[in-house]
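The values are calculated or read from the model by the stated rules, or taken from the named source; none is laboratory data. For clarity, every value in this text was computed on a predicted model and none was experimentally measured. As a convention, Cβ positions derive from the backbone with ideal geometry for all residues, glycine included, and neighbour counts pool all protein chains shown. Keep in mind that these areas ignore ligands, DNA and RNA; they rest on the heavy atoms of the full protein, side chains included. Shrake-Rupley method; radii C 1.70, N 1.55, O 1.52, S 1.80 Å.
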Amino acid sequence: MALKAIRAGVRNEAGITAAKEELGIRFGDRFQTGEAIRAQHAHTTTYIPAQLPDAVVFAESAEDVREIVRIAARHKVPLIPFGTGSSLEGHINAPNGGISVDLQRMNKVLEVNAEDLDCRVEPGITREELNTYLRDTGLFFPIDPGANASIGGMASTRASGTNAVRYGTMKDNVLALTVVTADGREIRTAHRARKSSAGYDLTRLFVGAEGTLGIITSITLRLQGIPEVISGGVCPFPTIEDACNAVILTIQSGIPVARIELLDALQMKACNGYSGLSYAETPTLFVEFHGSAESVELQSRQFGEIAAEFGSSGFQWTTNPEERARLWKARHNAYWAQKSLIPGAAILSTDVCVPISRLADCVVATQEDSAAHGLTAPIVGHAGDGNFHVGLLFDDKDAADVARAEAFVERLNARALAMDGTCTGEHGIGQGKMPFLEAELGDALDLMRQVKRSLDPDNIFNPGKIFA
């Protein structure tokens, strides 16, 4: 990844001016052009430079979205959907200028079908808001990317997270969408049936499209019953290889682990310092099991036996909600813990994913790479599906340090692809991963470009993302 790849596109100045005037008349004070609010809608949690939109419009209904799209299409002006701004690869930047469509006010639960274990929501609701709403139904939505992201954003980036090893990713948990397309129509991609052989799978086409094919206006989600009992624990290992081998045997043994997170020794040091913990600063697995009291006790005991085979010095687990919450809060604060290792440093958070049989090889090689180049790069990963994240700390004001950081990321992605992996397990492509997607998929990108041109001939939906 190189900063030179993050470049401005071609602006349609006349169209942007005309669209701003029309949108201002139509939406009044829900249409804003102040620099501060535009900057908030280009903020990214990476070092990718912000590229501000020309204006922000706050949608409150599907009809608002249809009207915004019709105006933008008429003037051939870019639209950049915005959820909470927690994406990591420049997804919400506006390289061609245009209008940020803020969907945060579209945050209603439209229906809950408890008997069918599904619900339909607007795109602006966050996962925490949804689970608070669902609590009294005995159901929950299990996808947890760490950040309190919007459901629409999670669908758009095909998010996953700590629960993916048991519950899958967004592509497994979205049953249907409604989407406003480039001609201003709102289409429905599917119904609520759990299976269908009816035509192309349009739901999966829009899930992971990063807002480049249309704007999502509702999402039908698969839900799960809240487990009777949840147990969680911490398990240190002598080496990364030992921890990864324990993960592989756990999955091969059919133990239904709900979460199994890998933190390397440097990440454990960061978590201890940031969250006031006293865990061993060695490669460590954070695990969680869901089920009845009997089943989680059995699963925890079985995992402990496997861990002991690979040299674990002791598996500590608990069903106490407060203790579990403290443990997972430390895990979810991993990003901020990483930043605390070098106060004032910039952080480049990146991810790759490999077959779990290659996870130890990839993580160890990545640690050796960072050590050889004098880099501080703690690692945390979703070990159950081979996905890991590196938080690379560097001086973004030092050109040489930036170059070292970018070269490290290039080697990391090349390493993952050489192991038959992918350049991103859950962050998405956005702007930052575009060069690696081409290396990963080659000529298949041409087919993606054809789909984009067919559905969005004037390139109004989030241009400059996924591919040039």
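FRET efficiency for the ASP29 to LYS171 pair, using the beta carbon distance and R₀ = 35 Å, is estimated at 0.40.
Between 0 and 90 degrees, the angle of helix 293-309 with respect to the longest Cα principal axis of the chain falls at about 70 degrees.
Given in Å, the Rg to one decimal and the Dmax to the nearest whole number for the Cα atoms of region 315-468 are 18.0, 57.
With all protein chains kept in place, the per residue accessible area of the chain amounts to 41 square angstrom at a probe of 1.4 angstrom. Ignoring aspartates and glutamates fewer than eight residues from LYS195 along the same chain, the ones with Cα atoms less than 18 angstrom from its Cα are GLU115, ASP116, ASP118, ASP172.
Helix 240-252 and the longest principal axis of the C-alpha atoms of the chain enclose an angle of approximately 80°. Give the shape of region 1-139 as rounded, prolate or oblate, defined through the alpha-carbon gyration tensor: a ≥ b ≥ c are the square roots of its eigenvalues, a/c under 1.5 means rounded, and otherwise the shape is prolate if a/b is larger than b/c and oblate if not. Because a/c hits 1.5 or more and a/b fails to exceed b/c, region 1-139 counts as oblate. Think of the chain as having a plus end and a minus end, set by charges on the Cβ of Lys, Arg, Asp and Glu; of ALA365, THR239, LEU202, LEU202 sits farthest toward the positive end of this dipole. With a threshold of 30 Å on the Cα-Cα distance, the over-threshold entries among LYS339/LYS465; LYS329/LYS452; LYS108/LYS433 are LYS329/LYS452; LYS108/LYS433. In straight-distance terms, cross-link reach from LYS269 covers every one of the aspartates and glutamates whose alpha-carbon lies under 17 Å from its own, apart from those fewer than eight places away in the same chain; here that gives GLU261, GLU281. Over the residues of the chain, the helix contribution to mean residue ellipticity at 222 nm works out to -11000 deg cm²/dmol, using -39500 (n - 2.57) for each DSSP H run of at least 4. Taking the 0 to 90 degree range and rounding to the nearest ten, how far is the long axis of helix 265-275 tilted relative to the main principal axis of the chain, both from C-alpha atoms? With both axes taken from Cα atoms, the answer is about 70 degrees.
Here Kirkwood radius over Cα pairs in Å was computed from the coordinates, and among (i) 23.0; (ii) 26.4; (iii) 22.4 the match is (i). Accessible-area rank, largest first, for ASP446, ASP242: ASP446, ASP242, with all protein chains present and a 1.4 angstrom probe.
Dipole magnitude for the chain: computed about the Cα centre from +1 point charges on Lys and Arg Cβ and -1 point charges on Asp and Glu Cβ, it is near 940 debye. Sorting the segments 397-406, 274-283, 189-198, 122-131 by their mean number of nearby beta carbons within 10 angstrom, highest to lowest, gives 122-131, 274-283, 397-406, 189-198. The mean sequence distance of close C-alpha pairs (under 8 Å, at least 6 residues apart), as a share of the length of region 46-94, puts its relative contact order at 57 percent.
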